[in-house]
Amino acid sequence: MRCWITSKQISVEVNGQQFKLPAGSTLGDALIVSKAPYRAGTAIGILKMTAERKKEVITEYAINTTKGKFRIELEDSDSPSGKLWAENFKEYEGKNVHWAGPEALAFGPFEAELKPERGLRSFEAFDVVFGAGGFDPGNTHLIISRKRHAAEYGTPEEGIFAKVIGGKNLLNRLSKDDSILNIEPVIEWEQLAEKTCTSDLSTPLEGGASIFTYFEVELSRNAPQGAEHFYALSREGVLKVDYVASSFISDNSLREEVAPYENFEPRTEGAVSVRTAGYGTGKVYISREDRPSSLVHSVVGHVTKGLELVKLAEKGQELAVESLPPQLALLGHSFEEVEPLLSSIGVELVREGCTEEDAVIVRQEPATTLEILGDAKVTAFAVPGSKLVKVELYPEKAPKSVDFFRHSLELKTKTVGQLLVSMVYENTYLFRAEKVEAIKYKEILPENSPRDKVLAGEFGITNQSAKRMGNIGVKLVDDDLFGPTGEKFSSTNIIGRIIDPEKLKGVREGDVIYVSEAIR
């Protein structure tokens with residue numbers, strides 16, 4: 001146990017909570033004291049606010065409405081309207097859309113110290129002005145231009161003081177039913193003098209540091225299948241940072257795994273989206289700044305905590321993530337295991353199929369967590385435990401072949417897959433995945449081919465050097481002549497082993513067996 005012999009203390013913030021630590025403490029010490037959510041090996045963001053931060057002039061603001069968020073940038077912070085905004089923007093929170101027309105919309109009214117002027121003025125789309133209705137400062141509105149037009153709004157002499165620079169598509173969707181929820185100044189992280197993102201727990205800390213160990217994502221009920229895609233991606237509680245751009249980070253783990261387009265909305269700061277078509281289908285993106293809606297990016301959720309960690313992350317790092325609500329993953333479990341949990345959250349469980357003590361759930365309806373919660377009911381289909389075999393895969397030895405296998409059985413997005421028994425002879429069992437389309441675009445180049453002998457229980461895939469590419473097979477005895485699919489060694493890729501091969505005895509052609517990974 002570490003001992004500190006010092007009377008001096010520093011104050012740090014961990015995931016929004018303040019803690020006192022002895023001077024000289026490290027990042028690891030902060031984790032111990034705070035008991036913060038953390039996964040070993042993941043990167044942690046550290047920010048140290050500086051004097052320069054306090055002095056800088058803020059020119060960008062995020063305005064969050066009941067329909068979403070848009071961003072404005074001040075054109076002249078020293079103008080009377082610019083100063084009026086900077087000193088009073090918090091007073092505009094809660095203001096409704098008072099009127100909305102094809103040319104502009106207005107939030108208000110509120111009282112403001114301004115001198116309205118008469119006469120028509122010209123406005124471009126996305127201009128932002130203050131306007132006094134009836135030339136009365138007590139009836140002032142925040143007016144946003146939707147398109148080029150001329151009008152008399154009772155604006156002060158300086159007129160336009162800001163421009164909408166993000167979330168522009170949102171403006172045409174706002175109506176009199178909407179209001180401003182909150183307004184926050186936008187600080188660009190590049191302006192912060194001291195920042196780092198590291199997995200080194202020996203990193204020394206200074207007073208005033210803000211530490212972010214994880215981020216939280218709230219999944220959207222408008223995208224139940226996309227939410228399952230994200231659950232699958234973050235199954236181990238980790239998001240991999242495969243690509244970093246100024247406006248987003250992405251995890252490419254599920255590239256080529258198709259997700260449907262469900263939710264069209266702006267990709268505001270913190271939005272989690274899945275690419276649903278074209279190059280990079282299946283990749284998951286998290287927006288670092290506001291971006292417009294996209295016809296190939298379905299928004300599946302939003303970061304509700306720890307966005308700072310997302311903004312600080314670097315390529316190659318892994319970030320700890322928690323999802324809300326937690327996934328209801330029934331597959332691979334028994335009725336007895338899942339029923340107490342479902343009952344505690346008010347979800348009715350309907351049992352189908354095998355109901356014996358060793359029954360294992362292999363299918364659920366609805367298939368998605370958000371639909372189950374919405375219906376407050378789930379039907380689970382189970383089979384005898386003897387129908388579920390566990391496998392250990394060799395991704396380090398045969399990465400492409402294992403990727404093909406997981407894709408074919410949908411093990412990338414589910415915890416249980418299924419195989420059709422296509423042939424049984426002597427001690428050899430051949431299978432075909434139901435997702436045959438995988439063979440059309442997944443190459444199976446030779447890798448990890450056996451040399452001297454195939455061991456009992458090892459299973460393999462026929463590679464593309466033979467006609468029956470994609471066949472999956474296993475032998476229950478050692479063989480020094482042919483691979484698990486009956487092909488010669490050079491046409492066989494060994495991808496793993498079946499942990500309980502005795503379950504295959506008695507299996508017949510046409511049967512379906514279920515598969516889950518024992519170690520991942």
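A straight line joining the Cα centroids of the range 472-512 and the range 165-241 runs 46 Å. If R0 is taken as 41 Å, the Cβ-Cβ distance between SER175 and THR281 corresponds to a FRET efficiency of 0.75.
Decide, for the range 335-383, between rounded, prolate and oblate: order the square roots of the alpha carbon gyration tensor eigenvalues as a ≥ b ≥ c, take rounded if a/c falls under 1.5, and otherwise choose prolate if a/b is larger than b/c, else oblate. Oblate, because a/c is 1.5 or more while a/b does not exceed b/c. Close amide H partners of PHE459, meaning residues 5 or more places away or on another chain with modelled amide H under 5 Å apart, are ILE495, GLY496, ARG497, ILE498. Applied to the range 497-510, the Karplus parametrisation 6.51 cos²θ - 1.76 cosθ + 1.60 on θ = phi - 60° returns per-residue 3J(HN,Hα) values of 9, 8, 6, 10, x, 4, 5, 7, 5, x, 6, 10, 4, x Hz, with x for Gly and Pro. Taking a straight line from the alpha carbon of LYS475, these lysines sit under 17 Å away, with near neighbours fewer than eight places off in the same chain left out: LYS390, LYS453, LYS488, LYS503, LYS505.
Each label point was placed 7 Å from the Cα along the Cα-to-Cβ direction; for THR196 and LEU324 their separation is 3.1 nm. Of the trypsin sites (Lys or Arg not before Pro) in the range 25-130, the ones in a loop by DSSP (not H, G, I, E or B) with at most 12 other beta carbons within 10 Å are LYS35, ARG118.
Expressed as a whole percent, how much of the Cα-Cα distance distribution for the range 395-509 exceeds 19 Å? Intermediate values should be presented prior to the final figure.
Numbers: 2558 of 6555 pairs.
The calculated P(r) of the range 395-509 puts 39 percent of pairs beyond 19 Å.
Listed values for the range 487-494 are Karplus-derived 3J(HN,Hα) couplings in whole Hz (6.51 cos²θ - 1.76 cosθ + 1.60, θ = phi - 60°), namely 8, 5, 4, 5, 9, 10, 10, 7, and x replaces Gly and Pro. The shape of the range 60-185 comes out rounded: with a ≥ b ≥ c from the C-alpha gyration tensor, a/c is under 1.5. Protection proxy ranking, highest mean first, for peptides 348-361, 128-141: 128-141, 348-361, where packing is the per-residue count of other beta-carbon atoms within 10 Å, averaged. Listed cross-link partners LYS147/LYS176; LYS48/LYS305; LYS20/LYS240; LYS69/LYS195; LYS35/LYS311; LYS163/LYS283 are compared with a 28 Å cut-off, the Cα-Cα value being larger for LYS20/LYS240; LYS163/LYS283.
When the alpha carbon coordinates of the range 213-324 are projected onto the principal axes, the ranges are 31, 27, 26 Å, largest first.
Each label point was placed 7 Å from the Cα along the Cα-to-Cβ direction; for THR379 and ASP358 their separation is 2.7 nm. In order along the range 374-382, the Karplus-derived 3J(HN,Hα) couplings, from 6.51 cos²θ - 1.76 cosθ + 1.60 at θ = phi - 60°, round to x, 7, 6, 7, 9, 9, 10, 9, 10 Hz, and Gly and Pro are given as x. Note on GLU426 and LEU455: their simple-model spin labels are 2.1 nm apart, each label 7 Å out from Cα toward Cβ.
Near GLY353, the amide H atoms lying under 5 Å from its own belong to ALA382; only residues 5 or more places off or on other chains count, and H is placed 1.01 Å from N.
Extension gain, LEU481 to ASN222: 0.36 nm times the residue separation minus the Cα-Cα distance gives 87.8 nm.
Shape class of the range 161-267 from the alpha-carbon gyration tensor: oblate, with a/c at 1.5 or above and b/c at least as large as a/b. Once every Cα of the chain carries one equal point scatterer and solvent is ignored, give the base-10 log of I(q)/I(0) from the Debye formula at q = 0.08, 0.11 Å⁻¹, two decimals. Log10 I(q)/I(0), no solvent term: -0.69, -1.05. Of the peptides 144-155, 166-177, the order by per-residue mean of other Cβ atoms within 10 Å, starting with the highest, comes out as 144-155, 166-177.
A short reminder: the numbers here are calculations on the coordinates, not readings from a lab. Just so it is clear, the model here is predicted, and its values are computed rather than measured. Virtual Cβ from ideal backbone geometry, glycine too; neighbours counted across all protein chains shown.
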